[in-house]
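Asks: Below is a structure I'd like to ask you about.
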Amino acid sequence: MSVTEIVLLGLALSMDAFAVTISNTFMYQGNSKARNAAMPLAFGLFQGLMPCIGYFLGRLVSDVISQYAGIITFAILGFIGTKMIWDAFHEEDETHSPSSENDSALNRSADTANAPISKGQILTLPVLILQAIATSIDALAVGVSFAALSVNVVFAAALIALTTALTCGIALIIGRRFGNALGERATIIGGIVLIAIGIKSLLF
């Protein structure tokens, strides 16, 4: 397998991670630069790690991987996406409640300069890891094919990881620009994107 073929394979494998990265920038607009940078790193790391695992597991579990990959991806991304949509509407209800309006009036001057980041706006490490696993499960089966084709799995996995990280870096830039423009609606849109990716994985 040539370098060009591996890069193209890496681009194909990274499409879900690309979409999830954009979705994350919509949902987690309170992220620091370090947390945003963790997304391409995590997605790239797991996208490179999974082919290595698949390579060494071999055909013993290839059928299991193929059979349950879509279900696992749907369960993880569907749960996270649904939770984010729920949180978005829940926070909106709290914002418009009488008590929150009174608190807002009393503390408006103090909040203008250093407004606290509301719950649900920061991407946590456990959620990021779950997303990285969900978007890289297909790469396990790719690792099995590497074993059959006698591909240098270390080189191929490193190239796939780099390709994914760069792709997600581009997604991060795109998502931040459009996420800021969409404002509060970005959280709901991001949750819908995650659910859509999960459904796509389940059906196709």
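Asks: When you scan region 171-188, how many residues do you find that are out of contact with any Pro (no Cβ under 9 Å at 6 or more places or on another chain), under 14 Å from residue 20 (Cβ atoms) and modelled with pLDDT of 70 or more?
Replies: Of the residues in that region, 2 qualify.
Asks: Check 29, 47, 67 and return the single one that is at pLDDT below 85, under 18 Å from residue 133 (Cβ atoms) and of a type in the set (S, T, N, Q). Before the answer, list the steps.
Replies: Working: 29 fails: under 18 Å from residue 133 (Cβ atoms); 47 fails: at pLDDT below 85.
One residue alone meets the criteria, 67.
Asks: When you scan region 5-40, how many residues do you find that are open to solvent by 60 Å² or more (accessible area, probe 1.4 Å) and under 11 Å from the mean Cα position of the chain (by Cα)?
Replies: Of region 5-40, the ones open to solvent by 60 Å² or more (accessible area, probe 1.4 Å) are 5, 8, 11-12, 15, 29, 33-35.
Now drop any that are not under 11 Å from the mean Cα position of the chain (by Cα), which leaves 15.
The number of residues fulfilling the criteria is 1.
Asks: Contact list please: Cβ distance under 8 Å, first residue in region 31-60 and β-branched (Val, Ile, Thr), second residue open to solvent by less than 20 Å² (accessible area, probe 1.4 Å), pairs at least six apart or on different chains.
Replies: Matching pairs, first to second residue: 53/143.
Asks: Determine which member of the set 162, 140 is under 24 Å from residue 201 (Cβ atoms), modelled with pLDDT under 90 and part of a helix (DSSP H, G or I). Walk me through it before giving the result.
Replies: Numbers: 162 fails: modelled with pLDDT under 90.
It is 140.
The values are calculated or read from the model by the stated rules, or taken from the named source; none is laboratory data. All figures in this text were calculated on a predicted structure; none of them were measured in a lab. Positions of Cβ are backbone-derived with ideal geometry, glycine not excepted, and every protein chain shown enters the neighbour counts. When the accessible area is computed, the model is the full protein with side chains, heavy atoms only, and any ligands, DNA or RNA have been set aside. Shrake-Rupley method; radii C 1.70, N 1.55, O 1.52, S 1.80 Å.
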